[in-house]
């Protein structure tokens, strides 16, 4: 069963974030993940939740998502 990481990202250090996005895609790919959503315009339809940047990553299962999150490469 697929597992999804849903990230609500607030970028506070543009330089550090640029380094992060230069390396993250290869690490995500290594653990079998794939981006479904990466940035773009966000238009909330109800409530007050309004994330700055939304990212959704799909993995084949929860175990792979956890391996990715706990990996030394990602940390």
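Read the figures in this text as sums done on the coordinates, not as results from a lab. This one's a predicted model, so the numbers in the text were calculated from it and none came from an experiment. Neighbour counts are summed over all protein chains in view; Cβ atoms, including those assigned to glycine, are modelled from backbone coordinates with ideal geometry.
What to note about this one:
- From the options 55, 62, residue that is closer than 22 Å to residue 16 by Cα and in contact with a strand residue (DSSP E or B) (Cβ under 8 Å, 6 or more places away or on another chain): 55
- The residue of segment 23-45 that is farthest from the chain's Cα centre (by Cα), among those that are at positive phi and surrounded by 12 or more Cβ atoms within 10 Å (Cβ to Cβ), is 32.
- For the condition within 21 Å of residue 1 (Cβ to Cβ) and either surrounded by 13 or more Cβ atoms within 10 Å (Cβ to Cβ) or within 15 Å of the chain's Cα centre (by Cα) (or both), residue 74 does not qualify.
- Residue 5 vs. criteria touching a residue at least 60 places away in the same chain (Cβ under 8 Å), surrounded by 12 or more Cβ atoms within 10 Å (Cβ to Cβ) and within 10 Å of the chain's Cα centre (by Cα): yes
- Flag if residue 57 is touching a helix residue (DSSP H, G or I) at 6+ places or on another chain (Cβ under 8 Å), closer than 17 Å to residue 72 by Cβ and in contact (Cβ under 8 Å) with a residue 12 or more places away in the chain: no
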